[in-house]
Structure formats: C-alpha cells, structure tokens
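Notes for the one structure printed next.
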Amino acid sequence: MNAEPSQKPGQAPRPEFEVDLIEATAIGDVERPLTITERLVNNEAVQRLTILVTIVVIWELYARWLNNGLLFPSFGETIRTFSKDIANGVLIDRTITSLRTLAIGYALGLVLAAVLTTVAVASTAGTRVLSTLTAMFNPLPAIALLPLALIWFGLGTPSLVFVIIHSVLWAVALNTLIGFRGVPETLRMSGRNVGLKGARYVGLILIPAAFPSILAGLKIGWAFAWRTLVAAELVFGVSSRSGGIGWYIFEARNDLDTATVFSGLLAVIFIGLVVESVIFRAIEARTVNLWGMQR
Amino acid sequence: MADARHRPMTSALLEVKGVTLQYKTPRHLVTATYQIDFSVHQSDRYVILGPSGCGKTTVLKGVGGFMPPVEGSIRINGRAIESPGPDRMMVFQEFEQLMPWKTVYQNVLFPMKVTKRFGAKEASERANAVIEKVGLTKFRDIYPHMLSGGMKMRVAIARAMALEPDILLMDEPFAALDALTRRTMQQELLSLWDQLRFTVLFVTHSIEEAIIIGSRILVLSPHPGRVRAELDAEGLDHNSVGRPEFGILTKRIHTLLFGEKHPLRAQQEIRA
Ligand SMILES: Nc1ncnc2c1ncn2[C@@H]1O[C@H](COP(=O)(O)OP(=O)(O)OP(=O)(O)O)[C@@H](O)[C@H]1O
Ligand SMILES: [Mg+2]
C-alpha cells in the first residue's frame, strides 16, 4: 500500500486526522427517561383524543346544518340525554347488566379455548381437530346461532352466554395455536434444554413466547363478544325486563327517541374504546411492547 | 498417546459411537452426519471443526438430546441420552435463544431457578458474577431486544456457564463477535477453564479458533459429515499464534479440510 495520502488530479488532498473523543457523559446513562414533551407527543392517548375532538366538531356542525333532531341529533343533545340517563342510573344499570353477561361469557370462552388449545398442542391429531373445528365455526356469525340458543336455553342470560362463548372461543383458540406454532425453534430448544416439560414448558416458554398472538386473539375475541352481545340484546331485548344496553337502544327506537338511541350507541362505543385503548393498551405496554416483541 | 480410542473407557465423559443423524422433512431425507465416532473426556476442550453445512450443529443437537440418532449411540457418563437436560447446557448458534420477556439478569437466572440447582441467594450471586465476567453489568436490567447480536451471545454463554453443567455445548459462540471481543471472550473462556476445568464441546469453522480453544480437535469432512481426523492441540493458545507448531497444525488441518483429493471424496461424489 502507498503510505502517502492518495491524491487524484484536480482535487484537494484529504488529510488524515485523529481527534480526542468528545465528552459523552452529557447523554447520561445508557437508558434515559424521555422528557414530558417527548412523552406527550408520543402518547397514544393524546393522539387519540385529538382525533376524537375532530370527529365531535364535524358531528356537531353537520347536525346543526341538518337541523333535524329525529334523524340526527346534535352532539350536545346526545350528551345531554347521555348524562341525564347516567345521572338517573338507567344507563349505568343497563351497562352493568350487559357487562356482567359479557364477563361470564368471555371467561367461559377463554377457559374452553385454553382446554382446546392444550389438547391441540399435545398431539398432531389434536391440532387437526382444532383447525377443522375453527375452520367450521369461525366463519359462522354468532347471531346466526341465536335462534338455536333460544330453543336450547330459552330467553335470558344462558342464551346470551352461549353466543358470546361461540364468538370468543374460536378467535382466541385459533390465535393461540398460531402463536404457539410460530415460536422459534431455538427458543423451544433452549426451554427444553433446562429440562422443562409439559405444563411448565407451556406456561414458562410457549405462552410468553406466543403472547403477541394470544393478545391479538383476546382483543379480537373481546370485540366479537361485545358486538354479538349488543346485537343479541337488540333481537330479544323486548321480552326481557332487566335488559342490557341493546335493550336500552331498542326501547328508545320504539319511542322514536333518536337522542337516546345515540346515547346508547355512545355508551357502546365508549366501553369499546375504554377496553381497547385503556385496558388492552396497558397490557400491551407492560408486556409485548416492553419486550420488543411488537411495535 | 494422542488417540482417544486407546485410552481406558472409564475416563470418557461423552461417548459417540457410529452415530448417523438425519433430518426428515416432508419432501427430503437429509443425512447430516454419517457414522461419527468420538469421545470427550473429563475437562476436555473438545473442538468440532468442519466446513459450513457439514453437520456440526447437528452433532451438538444429538448430544443435547434434541435429535435421536438413527444409528449408533450417544452416551454421557455411561448412560444413553434420551432427552434434553440441564447437565448438557447448550449455547445455540442463533440469537433468538434468549427469552425476550426476561431481562439479561432474569435470563441468566432462569435455568438456575427452573432446575433448583442453587438456593435463591446463591443463584442471584452467581448470575451477577457471571454477567460481570462477560462484561454486561451495565446492561443487567435490559431486555434482549435492546442488545446487539454479540451481546446476546454473551448473555447466552453466561446463562449456560452459570449452571455449571457436566458438559457445555457451544455452537460457534464467538462467530458474531468483533475480532477484539472475540479474543477477549476466548481468553476469558480459557482462564475460566483454568479455574474450573469444566468439559466443553465447542463447534467452530475457524481453524485458528479451533487451535486456540481446543485441547483436541475433531475434523469433519464436508456434507455429509464424517470423521476426518482427531488431533491434539494441547498447549497452543493466543501466545503461540506466531510459533511454527501453530503454523504446521494450521496447515495440516487446512489440508485435511480442503486439501488434495482423498479416496473418500470420490466415494462421496458417487453417493451424490
Ligand atoms: N432443520 C433441518 N431440516 C432439514 N435439513 C437440515 C436442517 N438443519 C440442517 N439441515 C441440513 O443438515 C446439514 C448439516 O447442517 P448443520 O446445521 O448441522 O451444519 P453446520 O455444520 O452447523 O453448518 P454451519 O457451520 O453453517 O452452522 C446441512 O446440509 C443442512 O442442509
Ligand atoms: Mg451450525
């Protein structure tokens, strides 16, 4: 090699250089907490709030321009009805009724999904059974099962729970199975290397490793269940005295009280948002985001 | 003196006899290694050396208990290997062997917790000590996704070391490191060995690394892996890199691996 710096004709020579390192202690630790402004800009809640405010403004402007409370009540009117029904306890009662049914159905659905996936991961035959069942029942809308549920269980909570289980079970089981299958071979081997087997292997390796997928299943299952429940209440809410939110909406429609219909829908949306962006967000932030398994 | 087969059987910790390992895929049957023999003795630094794809990883998986041999036997302490176990801790070639949901410290602690080999306090002390040894104390409470490839490898090494297994299986553990860190880690491994005299089965495709790390070197042929030679490399380390013995051994291994056409090569071509 040539010791002198190479120089092309017509170009200034490029000198070599060495410098002392600049001070890097100003950066502080390897990890540094972000400042308040950095957090605010990054904060999903703040971003979502901005979107919500925009939607509300558009709604209010459109309703005022239309000026027909029977077809499209304004945001102000809806909120007034909403807060009135919250204050007199009607809406809260209805919501609690719905959520209680939902919780029972969701929990039972999860238990069944856990049992099914355990059977499925234990053997290839089990896997075939689960994938066939899922392929059969997943596309079947839960509402389509409602007539059958009414024949089997009659009017009331058991029928609702039945259709909720149906909507939760397949989504969660399918996602969990996909998640288990996607666990990298090396991670599996390093789990088995320390002698993990059976339930401990599933609990300590497979479930955390498949958690992004499992969580996705839980979210889809929740959305299906909530939708199904409200729809089912609308269908046979008529004959049920202590109805849920679906019944609240149904009643209001019979009275042509559109503002109350809107306020019921608002409650449905609100609960959906809270579960999705508060509860599930919090779980995500503490698990898959923290572990870098999902962005 | 050099041939393991002439030593008394009792001193062999790991005995691999006529082992053929195959992968069954839906479309192919791949024979990775063919009738391999070797034995590893207590406190050996036993290196398996061979070109890429010759079945080095597969041999380690066999010893680890992840792949039953289709022919032959693998015995540790005289008993046949049936399943994976913490007496044979493996450092895998891939980076995704760490649990992403655990911090560096928790990853190192995990095998000790699961196997209950050490009490809670001792396990914690051991974990911290070994993390210090691989130079990651600053990153103790960080999750693996925030580490570089080489750092992940060091965590995996620390995790395996902390458990003090009967035999340590290491699959190209230093391949992802920069030259300087690699040298440090090699020295660290050797000085740890000086203290603890553990048994290690070490896979590499670098002739230099094989000579520096190994006390014995098993040279495998290209795919399908068959034993080509077993050589003695005792007493050669970083300080002997410039010495003539080092050069001679390097050349000898080079010839064994890539050198003149030997009778088996023709046979292999027929088989293919
Ligand atoms: N999971 C697998 N399924 C099928 N064939 C495989 C599998 N893993 C490895 N093989 C084949 O087995 C042979 C040996 O592979 P192995 O991974 O043991 O090589 P290696 O010596 O470790 O190579 P490297 O130095 O590149 O890591 C290769 O021909 C490879 O194609
Ligand atoms: Mg390999």
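For the stretch A:199-224, a residue qualifies if it is within 27 Å of A:A142 (Cα to Cα) and within 12 Å of chain B (Cβ to nearest Cβ), and the qualifying residues are A:A210, A:F211, A:P212. Screening B:T25, B:T58, B:T103 for residues that are polar (S, T, N, Q), crowded, with 21+ Cβ neighbours inside 10 Å and out of contact with any helix residue (DSSP H, G or I) (no Cβ under 7 Å at 6 or more places or on another chain) leaves exactly one candidate, B:T58. With a requirement of 2 or more residues that are within 13 Å of another protein chain (Cβ to nearest Cβ) and either more than 15 Å from ligand 1 (Cβ to nearest atom) or among the aliphatic types (A, V, I, L, M) (or both), the strands (runs of 3 or more DSSP E) lying completely within the stretch B:39-103 that satisfy it span B:88-91. Scanning the stretch B:156-173 for residues that are open to solvent by 10 Å² or more (accessible area, probe 1.4 Å) and within 16 Å of ligand 1 (Cβ to nearest atom) yields a total of 1. For the stretch B:109-125, residues that are open to solvent by less than 80 Å² (accessible area, probe 1.4 Å), within 12 Å of chain A (Cβ to nearest Cβ) and in contact with a helix residue (DSSP H, G or I) (Cβ under 8 Å, 6 or more places away or on another chain) total 5. Looking across the stretch B:61-89, the residues that are of a type in the set (K, R) and either free of Cβ contacts under 8 Å to residues at least 60 places away in the same chain or touching a helix residue (DSSP H, G or I) at 6+ places or on another chain (Cβ under 9 Å) (or both) come down to B:K61, B:R79, B:R88. If the condition is being aromatic (F, W, Y) and in a helix (DSSP H, G or I), then the stretch B:104-137 contributes B:Y105, B:F110.
To keep it simple, each residue is scored yes or no on (1) touching a strand residue (DSSP E or B) at 6+ places or on another chain (Cβ under 8 Å); (2) surrounded by 13 or more Cβ atoms within 10 Å (Cβ to Cβ); (3) under 15 Å from A:L229 (Cα atoms); (4) among the aromatic types (F, W, Y).
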site	(1), (2), (3), (4)
A:Y62	no, no, no, yes
A:S74	no, yes, no, no
A:E77	no, yes, no, no
A:G89	no, no, no, no
A:R94	no, yes, yes, no
A:L99	no, yes, yes, no
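Whenever a residue of the stretch B:38-60 is closer than 19 Å to B:L231 by Cβ, its partners that are outside any loop (DSSP other than H, G, I, E, B) and near ligand 2 (Cβ under 9 Å from one of its atoms), lying with C-beta atoms within less than 6 angstrom and at least six residues away or across chains, give the pairs B:I48/B:K56; B:I48/B:V203; B:G50/B:K56; B:K56/B:V203. Among residues of the stretch A:61-76 that are assigned to a loop (DSSP other than H, G, I, E, B), those with a beta-carbon under 9 Å from a residue that is surrounded by fewer than 13 Cβ atoms within 10 Å (Cβ to Cβ) and basic (K, R) at least six positions away or on a different chain give the pairs A:S74/A:R64.
Residues in the stretch A:146-163 that are touching a helix residue (DSSP H, G or I) at 6+ places or on another chain (Cβ under 6 Å) and free of Cβ contacts under 8 Å to residues at least 60 places away in the same chain: A:A149, A:F153, A:T157, A:F162. Taken over the stretch B:187-224, the criterion of being more than 14 Å from ligand 2 (Cβ to nearest atom) and either in a strand (DSSP E or B) or within 14 Å of chain A (Cβ to nearest Cβ) (or both) is satisfied by B:T199, B:V200, B:R216, B:I217, B:L218, B:V219. When the stretch B:205-246 is filtered for residues that are closer than 27 Å to B:V19 by Cβ, polar (S, T, N, Q) and away from ligand 1 (no atom under 13 Å from the Cβ), only B:S215 remains. Go through the residues of the stretch B:152-162 one by one and say whether even a single one is within 13 Å of chain A (Cβ to nearest Cβ) and in contact with a Gly (Cβ under 7 Å, 6 or more places away or on another chain). The answer is no; no qualifying residue exists. Residues that are away from ligand 1 (no atom under 16 Å from the Cβ) and touching a residue at least 40 places away in the same chain (Cβ under 8 Å) were ranked within the stretch B:144-155; the one that is surrounded by the most Cβ atoms within 10 Å (Cβ to Cβ) is B:V155. Among the residues making up the stretch B:120-158, those that are within 17 Å of B:F92 (Cα to Cα) and aliphatic (A, V, I, L, M) are B:V134, B:L147, B:M151, B:M153, B:V155, B:A156, B:I157, B:A158. If you go through the stretch B:20-33 and keep only what is within 11 Å of ligand 1 (Cβ to nearest atom) and either in contact with a Ser or Thr (Cβ under 7 Å, 6 or more places away or on another chain) or among the aromatic types (F, W, Y) (or both), you end up with B:L21, B:Q22, B:Y23, B:T31, B:A32, B:T33.
Which one is surrounded by the most Cβ atoms within 10 Å (Cβ to Cβ), of the residues in the stretch B:38-55 that are within 16 Å of ligand 2 (Cβ to nearest atom) and of a type in the set (A, V, I, L, M, F, W, C)? The extreme case among them is B:I48. Could you check the stretch A:233-295 for helices (runs of 4 or more DSSP H) lying wholly inside it with 1 or more residues that are within 14 Å of another protein chain (Cβ to nearest Cβ) and touching a His at 6+ places or on another chain (Cβ under 7 Å)? Here the list is empty. Looking across the stretch A:142-172, not a single residue is within 22 Å of A:L215 (Cα to Cα) and open to solvent by 60 Å² or more (accessible area, probe 1.4 Å).
Would you say B:D37 is under 19 Å from B:E164 (Cα atoms), under 21 Å from the mean Cα position of the chain (by Cα) and at pLDDT below 95? Spelling it out, it is not the case that B:D37 is under 19 Å from B:E164 (Cα atoms), under 21 Å from the mean Cα position of the chain (by Cα) and at pLDDT below 95.
The values are calculated or read from the model by the stated rules, or taken from the named source; none is laboratory data. All of these numbers come straight from a predicted model, not from anything done at the bench. We place every Cβ from the backbone using ideal geometry, glycine too, and count neighbours over all the protein chains shown. Just so you know, the surface numbers come from the protein's heavy atoms only, side chains and all, with ligands and any DNA or RNA stripped out. Shrake-Rupley method; radii C 1.70, N 1.55, O 1.52, S 1.80 Å.
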